[in-house]
Each structure stands twice: as C-alpha cells, then as structure tokens.
Amino acid sequence: MKLLLVEDDIALADALAMSLRSESYAVDCVTTGAQALSALSCNDIDMLILDLGLPDMDGLEVLVKVRHQKNAIPVLILTARDGMSDKITGLDLGADDYLPKPFDMPELFARLRVMERRLGTANSALITAGNVSMDTAAHDVRVDNIQIDLSRREFMLLKALMENLGRIQSKHQLESKLYEWGDEVASNTVEVHVHNLRKKLPTDFIKTIRGVGYSINSHSTAQTA
Ligand code: CA
C-alpha cells in the first residue's frame with residue numbers, strides 16, 4: 001500500500017513517515033500542493049494524507065483539483081484547524097476522513113485501515129483465504145493457525161494480494177505498493193519476494209498468471225512447500 005503524505009511541517013512529516021513505514025506502508029512525502037498534484041498525476045498512489053495549511057495553496061484546493069480530475073483516491077485530511085466548518089467543507093469536497101492534530105498514531109492507523117478496506121475486497125482487519133489468515137492490524141500471519149515470520153516487504157506484498165482476493169495484481173502494481181521514490185528496485189524484485197513467500201505458504205497459494213500478475217488461490221489448503 002503506497003501513501004502520499006502531503007505535509008509541510010518537515011519534523012512532523014518525518015515522524016509520520018517513519019511510523020507509517022513501521023506499519024508496512026510505502027510512503028512518498030511532499031511538502032506543497034503543486035508537488036502533491038504532480039505526484040498524483042504520475043505515480044501509483046493508493047491513499048492520500050493531506051495537510052490543509054500548505055505553503056502554496058490550501059489543502060482543500062488540492063482536494064478539489066484531485067476530485068475534478070475524477071480521481072477517487074481515498075483522502076484523509078490532517079489539520080491543526082479544529083473548526084467544525086473546515087471539517088464539513090473537507091468532507092463535502094470529497095475527503096473520506098478527517099483527523100484533527102494532535103492525534104494518536106494508533107487512531108491514524110485504524111482510520112487508514114478503514115479507507116484501505118474500501119479499496120479492496122477485505123471487510124475487516126482479519127482476512128482469511130484457505131488455511132492462511134492475516135491480521136492486518138496486528139501484523140500477524142498464520143498458516144493452519146501457526147504464526148509465520150515474514151519480512152516487511154513480504155508482509156506488504158502478501159497484504160496487497162490478500163486485500164484483493166479474486167483480483168489479479170500486476171507486477172508493476174505490487175512493485176509500486178512496496179517501494180518509494182528513490183528506492184533502488186531490481187527488475188526481478190517482486191519475483192524474488194514471491195519466491196520467498198511461497199516457501200512459507202501453502203503450495204500454490206500464490207498463483208502466477210503468466211504475463212499478467214499474481215493472485216491468491218484461496219482454495220489452496222495443501223501443506224507448506
Ligand atoms: Ca501545514
């Protein structure tokens with residue numbers, strides 16, 4: 001899951017990005033409205049966290065432009081403004097959620113998980129496919145109810161697939177959810193993570209659709225390879 005964080009308070013942005021990465025999100029950070037619009041037009045961003053007080057334009061203006069482009073990306077507004085009218089305006093202009101500063105990180109994470117669920121096919125933090133279960137809130141993955149250890153990227157990749165049961169995710173889609181601007185990404189990186197994940201999951205759990213991408217085979221309940 002790739003987030004775009006639009007926040008001109010660098011210290012806050014850095015702290016937020018660090019916390020979000022520890023929750024297994026890929027995070028791209030920008031500090032102005034113009035950068036946000038340019039990032040949204042040329043990158044695969046899944047969700048937007050938008051501060052309202054930006055140096056070049058009001059965050060609400062960014063939101064209006066995004067919705068004018070028929071971009072339905074989930075948007076969470078983050079702001080020090082506590083006026084009820086700003087909140088109502090933001091929601092009316094097409095924001096999905098609104099969190100006044102200061103806020104607790106667990107609350108931000110929970111709200112992001114709600115927005116995420118609207119994007120995919122999962123309807124709770126607990127996703128089950130065959131004999132594999134994933135608790136996206138607790139970062140807990142089990143096969144036959146036995147916890148398995150995944151690296152951060154393996155978790156991110158499996159989460160992207162499990163949140164979209166019945167849908168094929170292309171290699172490019174998966175790559176963009178795992179990596180941020182400036183990350184060195186080898187051309188076979190998704191294949192390598194899939195290869196490593198397959199060793200920890202039931203045989204045939206991750207299906208390869210040649211030339212298209214990957215999906216979860218939720219009928220696969222065989223033993224781990
Ligand atoms: Ca600000």
query = So Ala80 clears everything in (1) exposed (fewer than 14 other Cβ atoms within 10 Å of the Cβ); (2) within 23 Å of Ser22 (Cβ to Cβ); (3) hydrophobic (A, V, I, L, M, F, W, C) except one condition, right? Which one?
reply = (2)
ask   = Out of Leu63, Leu50, Leu99, which single residue is under 23 Å from Arg113 (Cβ atoms), in a helix (DSSP H, G or I) and without any contact (Cβ under 8 Å) to a residue 60 or more places away in the chain?
value = Leu63
request  = Return a yes/no flag: does region 205-214 have any residue that is among the aliphatic types (A, V, I, L, M) and under 16 Å from the mean Cα position of the chain (by Cα).
outcome  = no
message = From the list Leu20, Leu16, Leu91, Leu3, exactly one residue is modelled with pLDDT under 95 and under 22 Å from Ala110 (Cβ atoms). Which is it?
response = Leu91
query = So how many residues does region 46-71 have that are surrounded by fewer than 20 Cβ atoms within 10 Å (Cβ to Cβ), away from the ligand (no atom under 13 Å from the Cβ) and not basic (Lys, Arg)?
reply = 5
Residue ID - nearest to the chain's Cα centre (by Cα), chosen from residues in region 1-22 that are crowded, with 19+ Cβ neighbours inside 10 Å and not hydrophobic (A, V, I, L, M, F, W, C) = Lys2
Some residue of region 27-43 being within 16 Å of the ligand (Cβ to nearest atom), at pLDDT below 95, assigned to a loop (DSSP other than H, G, I, E, B) and over 20 Å from the mean Cα position of the chain (by Cα) = no
message = Being over 15 Å from Leu40 (Cβ atoms) and within 16 Å of the ligand (Cβ to nearest atom) is true for just one of Leu78, Leu93. Which residue is that?
response = Leu78
Which numbered condition Gly94 misses (of (1) farther than 18 Å from Leu4 by Cβ; (2) in a loop (DSSP other than H, G, I, E, B)) = (1)
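The values are calculated or read from the model by the stated rules, or taken from the named source; none is laboratory data. Owing to the predicted nature of the structure, the values given are computational and were not obtained by experimental measurement. Virtual Cβ from ideal backbone geometry, glycine too; neighbours counted across all protein chains shown.
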